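Where a number appears in this text, it was derived from the coordinates with a stated rule and is not lab data. Note that the coordinates shown come from a computational prediction; the quantities given were computed from them, not determined experimentally. Glycine gets a Cβ as well: all are built from the backbone with ideal geometry, and neighbour counts include every protein chain shown.
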Amino acid sequence: MAVVYATLIIKGKKTIEQVPDLIREQVREILLDMDLPELAG
């Protein structure tokens, strides 16, 4: 599910603030791994 949210953030459909708290850190790590720290909040 974290990958789905990361993809939505990359496409501009969601923001990191809209990710459920339970998986927000996982999504942040995915975005950082993809060299997108500006989207990781």
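Quick notes
- A helix-only calculation puts the chain at -16000 deg cm²/dmol for mean residue ellipticity at 222 nm, using -39500 (n - 2.57) for each DSSP H run of at least four residues, averaged over all residues.
- ³J(HN,Hα), Karplus 6.51/-1.76/1.60, whole Hz, each residue of region 7-17, x for Gly, Pro: 4, 5, 5, 4, 7, x, 7, 9, 10, 4, 5
- Sorted largest first, the spans of the alpha carbon positions of the chain along the three principal axes are 22, 18, 16 Å.
- Sites excluded, trypsin sites (Lys or Arg not before Pro) in DSSP loops with at most 11 other C-beta within 10 Å, longest stretch of the chain: 14-41
- Annotation note: GluC sites (Glu not before Pro) in the chain located in DSSP loop regions with a Cβ neighbour count of at most 12 within 10 Å are GLU38.
- Across the chain, C-alpha contacts under 8 Å between residues 6 or more apart give a mean separation that, scaled by the residue count, equals a relative contact order of 43 percent.
- Stretch gain in nm, segment GLU25-VAL3, where the contour uses 0.36 nm per residue and the Cα spacing is subtracted: 6.7 nm
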